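The values are calculated or read from the model by the stated rules, or taken from the named source; none is laboratory data. Since the model is a prediction, treat every value here as computed from it, not as a measurement. Here Cβ is always computed from backbone atoms with ideal geometry, including for glycine, and neighbour counts include all displayed protein chains.
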Amino acid sequence: MSQDIFYPDRELFKNSPIPDMESYRKLVKEFEDDYEGTWAKFAREKIDWFKPFDSILDESNAPFYKWFSGGELNVAHQCIDRHLSTKKNKAAIIFEGDNGDQRILTYRELAYEVNKTANMFKNEFGVKKGDRVVIYMPMIPESAIVMLACAKIGAIHSVVFGGFSADALRDRIIDANAKLIVTADGAFRKGRPYMLKPVVDKALESGCDSVEKVCIVERNGEDIDWIAGRDYSYNELIKHQSSKCEAEPMEAEEPLFLLYTSGSTGKPKGVQHSQAGYILWAQMTMEWVFDIQDNDTYWCTADIGWITGHTYIVYGPLASGATTVMFEGVPTFPDAGRCWRMVEEYQINQFYTAPTAIRLLHKMGEDEPKKYDLSSLRVLGTVGEPIDPPAWKWYYEVVGGSRCPIVDTYWQTETGGHMISPIPSATPIKPSSATFPLPGIMGEVIEKDGTPTPIGEKGYMCFTKPWPSMIRTIWNDPERFKKSYFGDCKKDGKPVYFSGDGAMVDEDGYITITGRTDDVINVSGHRIGTAEIEASIKKHPNVASVAVVGKPHEIKGEGIFAYIVLKDAPKSDEVADDLETMKEINQIIKSDIGAIALCDGMAFVPDLPKTRSGKIMRRILRSIIKGEKITQDISTLEDPTIVSKIEEIVRG
Ligand code: WT7
């Protein structure tokens, strides 16, 4: 199938901003000829500035790049208020709950709710511009409202995914020095209530001195503890707020939000995004990559706790004045037809999800999509990991009726928005390739010294010029920012942004992402650092050392596998104890990080393959779990016989 090329159906894309490859190439060239001028043109056209910017790109303090300095805007105004003159009665958010409950908020209603919430934050909780607000919420409209309310008053939000544990939440609260926590009692999943507020209570038990107030949205109505003077009901306070609120003028480079993501050390990184550059690219990619048109209904199935939820459920769609669908629950409840039923019911035009969800839905309901009318669909999207050919084929043929282009969007928390992706109206698509960098994005596959990697060989996926929506810094850790992204690759002697991914270019210039080159694994499209999991496993009193690697997984893409050396190495007749220890270890991971980091497998081994200087050879461990032949030279190991011993344990 990899030889097949799929061309867009012109009939489906009549009003597209980039209607064909010729326009794509023209735009790419425009950026090449006048990089700053072209960005400035889009910035002026797309953003409703309160005050125009005085400079376009400021590289004087590289890699701390600045875009559109001196300009003033407000992201909530850009996403809501500026649409009120033309789209006040248009649906902004369509919500469907796990129980099938529905809500529609028009742009006018969204404006009222955001303004009331913003006033609540200011007047009841004393939140000021620059203060950090941690949001630990389920998938309900209030989550978007709370994010936008922060944007309206210039508070910096940090959304923590609702699947993270109390300890993980606490670390993020402390790192951001948050003043206010916004949460919900809980929500619903698979027909049953689950809880969030008790996790916040536990997180706040120690070390979170900066937190003054907790604001609780009612969703599942279950009983929760209330701490007088600290905990406040959103639903009560909102009744008394004015629905008018002036948008705080924000300088282009002031932080809009933090979002923590895993790196190759044990400590998550607080990725800091800007106001203007971020919202500009969120809006532009919504228009280019999803071809969003005025009457469209767009649905991204991500969770707002990840960057996809930020950029492509909340900020991008609303900045473009679109109708965005939000859903609570899981794609497989009440049955594997939930997504397809929703596509039919809401007449979804763009559907954006992750390969892991596609594989799951394919497995659970091969013919399920055929039961529904999916003819409204025009663009299908995927994100988070490479999409494998069987999943691609099913998505294209059965879901899209061999009619809809699949936009395989490659990007990261740090890039803010799409980087490499087909443009559905223009790009001939090769399955399993994210195709070409978007216009304005200087994506290159290079060697560490900047020379282009030969065709068909694996190189480093780099971005050789700064772009507006890029990460600005790591909160509290500018040195780590420099080292993590600008420490590995150079072009013309100048450090360039390295994504951490390997990639390959084919003879037609199509880029295929080959996966992480660092110790980060991609579980169900989410990044988890092996070091974080290892640090957690080491907390078990009987663990002497551990190495965690990714293991191919049918649904998740990659699963988590741990090689563990116990302090009292078990004898062969103590298998039952092993199971007990495994359970204990997974329990520690669950309370340290959350269920997403649970190990799919563990092996208790006598030792790890180490070099004489003590470095663990993870590559060997990866080969063993994949069942690959070991090609590495093992003679340099401290104890070369360990490799066959581990192989026997894992394979036997
Ligand atoms: C990592 C970023 C971007 C939102 C979701 C994940 C991998 C992402 C693709 C794709 C191949 C992909 C990369 C990247 N990735 N999209 N289309 N094809 N790999 O965000 O948690 O920041 O993870 O996801 O490895 O570095 P994230």
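Listed by position, the strands (runs of 3 or more DSSP E) inside region 403-504 whose residues that are touching a residue at least 60 places away in the same chain (Cβ under 8 Å) and either under 18 Å from the mean Cα position of the chain (by Cα) or within 16 Å of the ligand (Cβ to nearest atom) (or both) number at least 1 are 406-409, 443-446. Residues that are charged (D, E, K, R) number at least 1 in the following helices (runs of 4 or more DSSP H) confined to region 239-356: 276-289, 338-346.
Which residue out of THR323, THR265, THR301 is in the same structural domain as TYR194 (by TED's automatic domain parsing) and of a type in the set (Val, Ile, Thr)? Break it down stepwise before answering.
Values: THR323 fails: in the same structural domain as TYR194 (by TED's automatic domain parsing); THR301 fails: in the same structural domain as TYR194 (by TED's automatic domain parsing).
Testing whether each residue is in the same structural domain as TYR194 (by TED's automatic domain parsing) and of a type in the set (Val, Ile, Thr) leaves just THR265.
Would you confirm whether or not region 353-360 contains a residue that is closer than 17 Å to ASP296 by Cβ and at pLDDT 95 or above? Yes, the conditions are met somewhere in region 353-360. Could you check, for region 277-287, whether at least one of its residues is away from the ligand (no atom under 16 Å from the Cβ), surrounded by fewer than 23 Cβ atoms within 10 Å (Cβ to Cβ) and more than 20 Å from VAL314 (Cβ to Cβ)? No: zero hits.
Could you identify the single residue in GLY529, GLY525 that is over 30 Å from GLU580 (Cβ atoms) and either away from the ligand (no atom under 16 Å from the Cβ) or crowded, with 19+ Cβ neighbours inside 10 Å (or both)? Before you say what the answer is, go through the steps one by one.
Values: GLY529 fails: over 30 Å from GLU580 (Cβ atoms).
When all the criteria are applied, what remains is GLY525.
Inside region 305-331, can you point out the residues that are farther than 28 Å from GLU45 by Cα and within 14 Å of the ligand (Cβ to nearest atom)?
Within region 305-331, the subset farther than 28 Å from GLU45 by Cα is 305-306, 326-331.
Listed by number, the residues that qualify are GLY305, TRP306.
Evaluation of GLY266 against the conditions (1) more than 29 Å from GLU59 (Cβ to Cβ); (2) at pLDDT 95 or above shows that the sole unmet condition is (2). Is it the case that some residue within region 370-386 is surrounded by 21 or more Cβ atoms within 10 Å (Cβ to Cβ), more than 16 Å from the ligand (Cβ to nearest atom) and polar (S, T, N, Q)? There is no residue in region 370-386 that is surrounded by 21 or more Cβ atoms within 10 Å (Cβ to Cβ), more than 16 Å from the ligand (Cβ to nearest atom) and polar (S, T, N, Q).
For every residue, the table says whether it meets (1) surrounded by fewer than 20 Cβ atoms within 10 Å (Cβ to Cβ); (2) touching a residue at least 24 places away in the same chain (Cβ under 8 Å); (3) in contact with a helix residue (DSSP H, G or I) (Cβ under 7 Å, 6 or more places away or on another chain); (4) not hydrophobic (A, V, I, L, M, F, W, C).
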residue: ILE104; (1), (2), (3), (4): yes, no, no, no
residue: ALA111; (1), (2), (3), (4): no, yes, yes, no
residue: MET120; (1), (2), (3), (4): no, yes, yes, no
residue: LYS129; (1), (2), (3), (4): yes, yes, yes, yes
residue: MET147; (1), (2), (3), (4): no, yes, yes, no
residue: GLY154; (1), (2), (3), (4): no, yes, no, yes
residue: ASN177; (1), (2), (3), (4): yes, yes, no, yes
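Annotation note: Cβ proximity below 9 Å between a residue of region 12-34 that is without any contact (Cβ under 8 Å) to a residue 40 or more places away in the chain and surrounded by fewer than 14 Cβ atoms within 10 Å (Cβ to Cβ) and a residue that is charged (D, E, K, R) and assigned to a helix (DSSP H, G or I) (sequence gap 6+ or interchain) occurs for ASP34/LYS41. Quick check on my filter: what residues within region 156-170 are of a type outside the set (A, V, I, L, M) and touching a residue at least 40 places away in the same chain (Cβ under 8 Å)? The answer is HIS157, SER158, PHE161, GLY162, GLY163, PHE164, SER165, ASP167.
Per the listing ASN123, ASN89, the residue uniquely more than 23 Å from ALA302 (Cα to Cα) and in contact with a Ser or Thr (Cβ under 8 Å, 6 or more places away or on another chain) is ASN89. Only residues that are touching a Phe, Trp or Tyr at 6+ places or on another chain (Cβ under 8 Å) and in a loop (DSSP other than H, G, I, E, B) were counted in region 392-402, giving 1.
Do we find that TYR234 is of a type in the set (Ser, Thr, Tyr), surrounded by fewer than 24 Cβ atoms within 10 Å (Cβ to Cβ) and within 25 Å of the chain's Cα centre (by Cα) in this structure? Full working, then the answer.
On the way: of a type in the set (Ser, Thr, Tyr): yes; surrounded by fewer than 24 Cβ atoms within 10 Å (Cβ to Cβ): yes; within 25 Å of the chain's Cα centre (by Cα): no.
Answer is no for this residue.
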